[in-house]
Number of protein chains: 2
Amino acid sequence: MSEGDTRAIVRELYDAYGRRDFERVAALIHDDIDWVIYAPMSVFPFAGPRRGRAAVLAAMAEIAKVFALEAYNPDVMIVDADRAALMSVVSYRQRATGRVLRVRIASFLRLQDGRLVEYREFIDSFDAVEQALGRELQL
Amino acid sequence: MSEGDTRAIVRELYDAYGRRDFERVAALIHDDIDWVIYAPMSVFPFAGPRRGRAAVLAAMAEIAKVFALEAYNPDVMIVDADRAALMSVVSYRQRATGRVLRVRIASFLRLQDGRLVEYREFIDSFDAVEQALGRELQL
């Protein structure tokens, strides 16, 4: 796959996710996707490892149940052969409280056969937990 | 700057950091570097934003005072023009306790004039805090 292909597919994936077009997102996810969001599952049950398209779509559905996406802005996109890395500024409204969480997300993607086959997501999870709970953590 | 230059300089930077050659690291850092480690400064005083070479070297010295680097392994390196992104598996021994913290670090770098001018670092900071304190956080 050329870097141009990678760039185009990653853009399409984020565009589809941004407009909540999960049918298109699903079509861009590999059957055997290897997926990890590095954050505590005790607070964010949709975090942690997932394997396969169905499990990943289920995690996305869990996220959407708890949070309404307000904005997903990829600020930096780095593409190298079949891999991409993005830094994004993301706003989620917590449905239960109406509060808006603002987080920076770092994501690493690898494509295979034109679809997402590996995904790793990093956030400042300590800050995200404090935002989700609406209070500072006791140390 | 070509991608080959970027790749070579980033490799040199990580090699120098890995062997604790801070003189070489300093030579590869831009005067006006814009640097952020996204983690709670209450637990990791060297985290947060830093501006300029002196401030960044001081943060590195703070890290080295608290933690002895055991291993810094960049698993994935993505290079695109003057930018790079890395996913690394890193082990730090906490000097005060002897405990070894194992973290995954996602870093985004931008070079200018052959030197690091922008740096962003992401970790699962909730997990890193628990490892640093040696206990689970109360939610």
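The values are calculated or read from the model by the stated rules, or taken from the named source; none is laboratory data. Everything quoted here is computed from the prediction, not taken from an experiment. Note that each Cβ is placed from the backbone with ideal geometry, even for glycine, and that neighbours are counted across all protein chains shown. We work out accessible area using only protein heavy atoms, side chains counted, and drop any ligands, DNA or RNA first. Shrake-Rupley method; radii C 1.70, N 1.55, O 1.52, S 1.80 Å.
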Q) What is the distance, in nm, between label points placed 7 Å from the Cα along the Cα-to-Cβ direction at A:LEU133 and at B:LYS65? A) 2.9
Q.
How large is the accessible surface of B:HIS30 in square angstrom, using a 1.4 angstrom probe and rounding to the nearest 10?
A. 20
Q: Using the 7 Å Cα-to-Cβ label point, sort the distances from B:VAL89 to its equivalents in the other copies shortest first and give them in nm to one decimal.
A: 3.5
(Q) Residue by residue through A:85-95, how many Cβ atoms from other chains fall within 10 Å of the Cβ on average? (A) 2
**Q.** Other copies of A:LEU57: label-to-label distances in nm, shortest first, labels 7 Å along the beta-carbon direction
**A.** 5.5
Q: Please label the shape of the protein assembly as shown as rounded, prolate or oblate, based on the square roots a ≥ b ≥ c of the eigenvalues of the alpha-carbon gyration tensor (a/c under 1.5 means rounded; beyond that, a/b larger than b/c means prolate, else oblate).
A: oblate
Q. Accessible area lost on pairing A with B, both sides, 1.4 Å probe, Å² to nearest 100?
A. 2700
Q.
So, taking all protein chains as they sit and a 1.4 Å probe, how much accessible area belongs to A:ARG20, in Å² rounded to tens?
A. 80
Q) For chain B, what does -39500 (n - 2.57) per DSSP helix run (n ≥ 4), summed and divided by total residues, give at 222 nm, in deg cm²/dmol to the nearest 500? A) -10000 deg cm²/dmol
Q: List the distances, in nm to one decimal, from the label point of B:ARG7 to the label points of the same position in every other copy, shortest first, placing each label point 7 Å from Cα along the Cα-to-Cβ direction.
A: 1.8
**Q.** Debye-sum result for segment A:58-100 in log10 I(q)/I(0), which assumes one identical scatterer on each alpha carbon, at q = 0.16, 0.30 Å⁻¹
**A.** -0.55, -0.96
Q: Give the accessible area for A:SER2 in Å² (nearest 10); use a 1.4 Å probe, count only protein heavy atoms, and leave out ligands, DNA and RNA.
A: 60
Q) Across 10 Å bins from 0, what is the distribution of all Cα-Cα pair distances for chain A, in whole percents? A) 12, 43, 35, 9, 1
**Q.** Fraction of accessible area attributable to carbon and sulfur, the protein assembly as shown (%, probe 1.4 Å)
**A.** 47
Q: Express the accessible area of chain B per residue in Å², computed with a 1.4 Å probe while the remaining protein chains stay in the model.
A: 45
